[in-house]
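The values are calculated or read from the model by the stated rules, or taken from the named source; none is laboratory data. Note that the structure is predicted; figures quoted are calculated from it, not measured. Positions of Cβ are backbone-derived with ideal geometry, glycine not excepted, and every protein chain shown enters the neighbour counts. Note: accessible area is taken over every heavy atom of the protein model, side chains too, but ligands, DNA and RNA are not part of it. Shrake-Rupley method; radii C 1.70, N 1.55, O 1.52, S 1.80 Å.
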Amino acid sequence: MPSRRRRTLAQLDSLRAVYGLGAGVRKLAVLRAMSRQSLSTAAELTLFHELLCFWRAYPDSRALLRVVEGWMRAFRSRPDLRRLRNGLQNSGIAGTDIIYPFGALTARWLDQHWSDRLTIDWHSVEQQPRLERAVLLWVLPAEVPGLDETPLPLRRWIDHLRGPHASGGGFSVKRAASVSANPIVREHLFDDLNLPFRLAAGPGTPSRTLARFGASPVVFQRTALRTRRPDLREEARRPPKSIRPVTRRDAERLISLARESMVTRQRDLDAFAWADARDVRMVHCGEGLQFACIGVVPERRFLLESVYGFLTLKNGVPIGYALTSALFQSSEIAYNVFETFRAGEAAHVYGRLLATTRALFGSDTFVIYPYQLGDHNDEGLESGAWWFYAKLGFRPRARAILPVVRRELARVTQAPAYRTPFRTLKQLVRHHLYLSLDRRRSDVIGRLRFDRIGLAVTGYVTARFGTDRERAAKVCADEAAAQLGVDHWRKLGRGERIAWEHWAPLVAVLPGVARWTSGERQDLAEVIRAKGDRRESEFVPLFDRHERLREAVLALTRR
């Protein structure tokens, strides 16, 4: 029996990415044979689960999809899953627990939906002294003497403080959110605790097994997957079929799906944690491929670049995610395909992502940061991310590394099976990679020293206001309004007001603003207001078209 089970599972795995010529019929036949098999190890059960996930995203036929979805709905009730669930912790499979030090926003979201399932995993707590100090901020002053003097273990104290109606996780999340401080300070205090949470499996808790956006249409995979590398310059110029706003209800569903996709893979992404339901659109690329484009609430937007998170969907199933930042007709892109789907169409999907980014922001240059390639990122290093992008046409611009790049490209051309030594790969991943659709420019993300803009603002504020940043913020906002002809900036909408306050000190240091025409100054005011408007993406073309503003910001980056 064990050898038959392993043969059946191996046969099923061999059909994973096979399409056409009766492959769907063979998959159905082997799946029916699997219905009589009980799996004996966590590895076997995980492999079977991942095959089902893959075919849910890339189904051959309605018959196969019906069988796959039936298996997945019943997965949490499998006897072998109940027997093996301890070995499946952090798998994201329905019916299994997740342990991870979730950030403040994600932990708060989990507490709002599954408070009774969220606890502290005390076996994984590493920062107990720091947690002990934090608890003193979570209680009333009259409770502090008890905490100081009574010799109880911290876990016992939290059990005592939370009472019978809250979990330890829920108590920690709620009390951390109640600390009197700036919201960003509260989050940093919480995140520094690195507090490990356990999300116990239960009805409706996040899982990869059932993750799907139900409103997405299903397109069946009749032919072989697109595994060939596309011409990215050509792909980026071929726009997606459509980019459409979604209803508020669908926006909230997509944000929840994005967060669940991170939670079930022990990840946190700020763009999803701080998602703005007013700024969610669906990008339709055809053949069942979609990107849920998710913007960030105004108070968490960057000063300059516009940042969006993308959840990649294939037939409604999350197969990966991306993060883009855009300005100066250029975009940094961080791209991730979930491990289950890396045997699929990663390069094709990436080409569609570049086309989407170009359609949204007008970008003609794309940038990959070193971290994404593997610099201080073992996952990127081990996955060979540098070669994925290099084979698609990305190249570094740093002169010091170019001889190494030419040598490695020559070697892999001569011997396709060649593998770059680990030591050499660690040299390569330290440098940005670039792909330009048109002429090569230097005024692009990755080449610009945005840090110098912050230093210029710090020098101005310190020289004029000393340590009084609160007064600086107020005075700069009023002076920027007077200079740009904006009456009553405090009566702007909430998002626009936030953007105004953030940008005002920058306006004060922009060189030559006083010599701009009144129309150019009015246009600058519109750029700032767009930064805080409903769709941050509209800020980018306004900024890029304002030649005087571009020149002034570039001048600051060169100081």
Expressed in nm to one decimal, what extension gain is obtained for the pair Arg73 and Glu382 from 0.36 nm per residue of sequence separation less their Cα-Cα distance?
107.9 nm
Charge dipole (debye, nearest 20) of the chain; +1 at Cβ of Lys and Arg, -1 at Cβ of Asp and Glu:
2240
Do the alpha carbons of any pairs in Lys27/Lys314; Lys241/Lys531; Lys27/Lys426; Lys241/Lys391 sit beyond 31 Å of each other, and which pairs?
Lys27/Lys426
Given the C-alpha centroids of region 101-156 and region 294-369, what is the distance between them in whole angstrom?
36
Rounding to the nearest 20 debye, state how big the charge dipole of region 233-312 is about its Cα centre with +1 on each Lys and Arg Cβ and -1 on each Asp and Glu Cβ.
220
If amide hydrogens are placed 1.01 Å from N in the peptide plane, which non-local residues have theirs closer than 5 Å to the one on Asp276?
Gly295, Val296, Val297
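If you roll a 1.4 angstrom probe over the protein chains with everything in place, what fraction of the accessible area of region 310-467 belongs to carbon and sulfur, to the nearest %? Each step should come with its number before you reach the end.
Values: 3380 of 6710 Å².
The C+S portion of the solvent-accessible surface of region 310-467 is 50 percent.
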When the Karplus curve 6.51 cos²θ - 1.76 cosθ + 1.60 is applied with θ = phi - 60°, which whole-Hz ³J(HN,Hα) does each residue of region 49-56 get, with x for Gly and Pro?
4, 5, 5, 4, 4, 4, 6, 6
Send over a whole-number figure in Å² for the accessible area per residue of region 255-319, probe 1.4 Å.
22
Can you work out the accessible area per residue across region 1-109, with the rest of the protein chains kept in place, probe 1.4 Å, in square angstrom?
44
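Hey, can you rank 306-312, 202-208 by average C-beta count inside 10 Å, highest first? Intermediate values should be presented prior to the final figure.
Values: 306-312: 24.7, 202-208: 16.9.
Averaged packing, sorted descending, gives the order 306-312, 202-208.
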Please list, or write none, the aspartates and glutamates whose alpha carbon is within less than 18 Å of the alpha carbon of Lys174, excluding same-chain residues fewer than 8 places away.
Asp111, Asp116, Asp121, Glu132, Glu143, Asp159, Glu187, Asp191, Asp192
Rounded, prolate or oblate: which one fits region 5-120, using the alpha carbon gyration tensor with axes a ≥ b ≥ c (rounded when a/c is under 1.5, else prolate when a/b beats b/c, else oblate)?
prolate
Across region 279-288, in residue order, what do the Karplus-derived ³J(HN,Hα) couplings come to in whole Hz, using 6.51 cos²θ - 1.76 cosθ + 1.60 with θ = phi - 60° and x for Gly and Pro?
10, 10, 10, 10, 9, 9, 10, x, 6, x
Using θ = phi - 60° and the Karplus form 6.51 cos²θ - 1.76 cosθ + 1.60, what ³J(HN,Hα) does each residue of region 554-559 get, whole Hz, x for Gly and Pro?
4, 4, 5, 5, 9, 6
Take the alpha-carbon centre of region 42-85, take the same for region 265-290, and report the distance between them in whole Å.
25
Under 5 Å between amide H atoms, partner at least 5 residues away or on a different chain: which partners does Ile120 have, H built in plane at 1.01 Å?
Gly168, Gly169, Arg198
Can you list residues from other chains, or at least 5 along the same chain, whose modelled amide H is less than 5 Å from the amide H of Ile93?
Arg208
Take Arg133 and Leu152, extend 7 Å from each Cα along the Cα→Cβ direction, and tell me the distance between the two endpoints in nm.
2.3
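Sorting check: for 388-395, 294-301, which peptide has the highest mean count of neighbouring beta carbons within 10 Å, and how do the rest follow? All intermediate terms of the calculation are to be shown ahead of the outcome.
Values: 388-395: 18.6, 294-301: 20.2.
Descending mean neighbour count gives 294-301, 388-395.
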With the full set of protein chains in place, find how many percent of the accessible area of region 222-281 is carbon and sulfur; take the probe as 1.4 Å.
43
Region 119-189: C-alpha gyration tensor shape, a/c 1.5 cut-off, then a/b vs b/c
rounded
